[in-house]
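Here the structure is laid out as structure tokens; the discussion comes afterwards.
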Amino acid sequence: MGHSEPPLLKALGPGLIWAGTAIGVSHLVQSTRAGAGYGLALVWIVIAANLFKYPAYEAGPRYAAATGESLLHGYRRRGSWAIWLFIGLTLSTMFTVIAAVTFVAAGMASVLISDAIPTGGWSAILLGLACAMLGVGKFRLLERFMTAMMLLLTVSTLASVLLAIPSTDFAGMPLWPPLPPMEKGHLLFVAALVGWMPSALDTAVWHSLWGLEKQREEGIPLTPRGARFDFNVGYIGTALLAVMFVFLGASVLFGQVDEIPTTSAAFAKMLIDAYTHALGEWSRPIILVAAFSTMLSTTVAVTDGFPRALEGAVGQLRGVEVEGRTWVYWLGLGLSVLVAQAICMWFLGQLGALVDLATALTGLTAPLFAILNLITLRGAEVPEEHRPSGAYFTAHIVGIIFLVGMAALYLYARFIL
């Protein structure tokens, strides 16, 4: 620890990029759907998901700062089985996740730029743009772009919620989740909502990789205190924004729409109309730019994150610590973009189905990631003061139980109910 502690604000970056991957489908689509369809009944589910999942996500920056290695390196220390498990879990979700965020971004582009280009055309354009940004801009451009767009969307959403609340009749909407037994469709939506709230759990690995890359590129030491501050800013901000989207959906859309639009362009228009209803018509172009840019930044982040994680995993299997991007990254990037585009084309006109599939898959894999992260954090290479113990260890266990329960709920509703 020969470095002096840098100012906390200089540590910001990886947590904001992580937040950029989270503030996308789980917020703009799922949280808005929760408010529009259920009033404030599911806001408690959103809060619980963010609370119980916190330890599993925090494992990424905690491990990287404590050991100077990525969480993937920690997996390898557990044995090659852990790396193969990570690769399998990643491959099971990456294509649908990239497709879902691109699909929503394509709908935003259709409303903002031109509806003359079909949604499938926009998804291809946006995936190509993401590849170009990753090829040219590298980490620093990604960091700055996502930070600016998230700030714009956050301010817009907060203003919309504050303006909409006074005219909202909360007494006329559900404030608590309905008691069991719930109908199959409701249970499936709740499980899907939790599955990707606030993001997929494999992004804990991405966070550790982004933190180490920031240290390499910018020369700012990755310290436990700085990593915790950076993560908390991104995570808490993401959780609060998810709650705000539920409030926005409840305030403006609850009881006003018979059903959520099935095309991404129609959903984008409905979302923008909700903002302008609260803020005024003058805000439409600002909200459009903010929402589209946020979804584009999410598309760029996940399109980068999955290949980067696979590249690191393959490097660990070969006993090589990857620095910079190799052929594995570019192959993973090309393959994920092609398959994601094919999925977008397959699910045209089925926004809800694609989003629910992607979020459910991430929910099913989440318990395994959470268990793997806890085992890794308790490894001998982690200094004892940074290993989970006492109340924090208990929080990890409670979080794992919660994730197992949500996965079981989805399987029960899908295949038994």
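Numerical summary
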item	result
Exclusive hit being β-branched (Val, Ile, Thr), buried (at least 20 other Cβ atoms within 10 Å of the Cβ) and either farther than 30 Å from Lys269 by Cβ or over 22 Å from the mean Cα position of the chain (by Cα) (or both), set Val104, Val97, Val111	Val111
Only listed residue being touching a Leu at 6+ places or on another chain (Cβ under 6 Å) and at pLDDT below 90, chosen from Ala22, Ala34	Ala34
Leu222 being closer than 21 Å to Pro55 by Cβ and in a loop (DSSP other than H, G, I, E, B)	yes
Long-range neighbours under 8 Å by Cβ, at least six apart or interchain, first residue farther than 12 Å from Tyr275 by Cβ within region 141-162, second among the acidic types (Asp, Glu) and at pLDDT 70 or above	Leu142/Asp304
Filter result for Arg308 (within 18 Å of Met133 (Cβ to Cβ) and charged (D, E, K, R))	yes
Residue among Leu151, Leu142 that is within 24 Å of Gly211 (Cα to Cα), at pLDDT below 80, surrounded by 15 or more Cβ atoms within 10 Å (Cβ to Cβ) and not basic (Lys, Arg)	Leu142
Gly234 vs. criteria assigned to a loop (DSSP other than H, G, I, E, B) and either on the phi > 0 side of the Ramachandran plot or crowded, with 19+ Cβ neighbours inside 10 Å (or both)	no
Among (1) farther than 17 Å from Trp206 by Cα; (2) buried (at least 17 other Cβ atoms within 10 Å of the Cβ), the one test that Leu338 misses	(2)
One residue from Ser208, Ser156, Ser160, Ser199 being in a helix (DSSP H, G or I) and closer than 24 Å to Asn373 by Cβ	Ser208
Of all residues making up region 340-368, the number that are in a helix (DSSP H, G or I), under 18 Å from Thr96 (Cα atoms) and either small (Gly, Ala, Ser) or within 18 Å of the chain's Cα centre (by Cα) (or both)	18
Checklist (1) of a type in the set (D, E, K, R); (2) buried (at least 23 other Cβ atoms within 10 Å of the Cβ); (3) modelled with pLDDT under 85 applied to Arg284, failing item	(2)
Members of region 315-341 that are hydrophobic (A, V, I, L, M, F, W, C), farther than 19 Å from Gly135 by Cα and in contact (Cβ under 8 Å) with a residue 24 or more places away in the chain	Leu317, Val339
Enumeration of residues in region 186-228 that are at pLDDT 85 or above, of a type in the set (Phe, Trp, Tyr) and under 25 Å from Leu310 (Cβ atoms)	Trp206
Close pairs from region 110-133: first without any contact (Cβ under 8 Å) to a residue 40 or more places away in the chain and assigned to a loop (DSSP other than H, G, I, E, B), partner buried (at least 17 other Cβ atoms within 10 Å of the Cβ) and of a type outside the set (Gly, Ala, Ser), Cβ under 6 Å, at least 6 apart	none
Of all residues in region 306-335 being out of contact with any helix residue (DSSP H, G or I) (no Cβ under 6 Å at 6 or more places or on another chain) and of a type in the set (Gly, Ala, Ser), the one that is surrounded by the fewest Cβ atoms within 10 Å (Cβ to Cβ)	Gly319
Residue in region 29-51 that is within 18 Å of Thr376 (Cα to Cα), out of contact with any helix residue (DSSP H, G or I) (no Cβ under 6 Å at 6 or more places or on another chain), in a loop (DSSP other than H, G, I, E, B) and not hydroxyl-bearing (Ser, Thr, Tyr) present	no
Pick from region 237-278, criterion polar (S, T, N, Q) and part of a loop (DSSP other than H, G, I, E, B), ranking: surrounded by the fewest Cβ atoms within 10 Å (Cβ to Cβ)	Gln256
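The values are calculated or read from the model by the stated rules, or taken from the named source; none is laboratory data. Everything numeric here is computed off the predicted structure, so don't read it as measured data. A quick note on method: Cβ atoms are made from the backbone with ideal geometry, for glycine too, and the neighbour counts reach across all protein chains shown.
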